[in-house]
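The values are calculated or read from the model by the stated rules, or taken from the named source; none is laboratory data. Model, not experiment: these values are computed from the prediction. Neighbour counts are summed over all protein chains in view; Cβ atoms, including those assigned to glycine, are modelled from backbone coordinates with ideal geometry.
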């Protein structure tokens, strides 16, 4: 199967996750699926990111600015995303086990990879100005739908239990992240007010 046919088969699975995500894979195969499926959209993303940088900063800057933009896009696609997927899979797997799901880590990782692929397939469009926020809503809804089906299929469980296995840790992580952001904002606000008061006194 060539790369285009393989990518199309993965997209078909994502459009019908109830049936398309039934094939069980180990951790190695699921990571390979991510990299194979991300080649075409990843290349498009890197090229468009470079083009946007070229337009945004002007043709006079040339490669010194465009090349780092393209390099950052490539690192995000093929280093940062896979690492985040593995870390999140470990968190989701703990909750899957707590809820009595029977699959191994490889099955949880496979489901997480499936849920990340909608973002991978449309991320190249995010390099187009003003389109990113719209795509974010689409990706969240699509990824959640895929994840609930894939996790249920991979663990031989119900969709409701699968949904609980990822929504609970996601809510906890979101709460912690927001709490940290609000705490930082409060600290910075206090520091700024103190600095302004000192300046006024002087």
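One table, with the values for the structure above:
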| quantity | calculated |
| --- | --- |
| Residue satisfying all of: in region 127-145; touching a residue at least 40 places away in the same chain (Cβ under 8 Å) and either under 13 Å from the mean Cα position of the chain (by Cα) or part of a helix (DSSP H, G or I) (or both); surrounded by the fewest Cβ atoms within 10 Å (Cβ to Cβ) among these | 145 |
| Boolean, residue 111 is touching a helix residue (DSSP H, G or I) at 6+ places or on another chain (Cβ under 7 Å), surrounded by 14 or more Cβ atoms within 10 Å (Cβ to Cβ) and assigned to a helix (DSSP H, G or I) | yes |
| Any hit, region 50-59, residues being assigned to a loop (DSSP other than H, G, I, E, B), more than 14 Å from the chain's Cα centre (by Cα), at pLDDT below 90 and surrounded by fewer than 17 Cβ atoms within 10 Å (Cβ to Cβ) | yes |
| Close pairs (7 angstrom Cβ cut-off, 6 or more residues apart or separate chains): free of Cβ contacts under 8 Å to residues at least 12 places away in the same chain in region 1-30, surrounded by 12 or more Cβ atoms within 10 Å (Cβ to Cβ) anywhere | 12/20; 20/13; 20/14 |
| Residue in region 146-167 that is assigned to a helix (DSSP H, G or I), touching a residue at least 60 places away in the same chain (Cβ under 8 Å) and surrounded by fewer than 16 Cβ atoms within 10 Å (Cβ to Cβ) present | no |
| Unique match (being modelled with pLDDT under 95 and in a loop (DSSP other than H, G, I, E, B)) among 197, 103 | 103 |
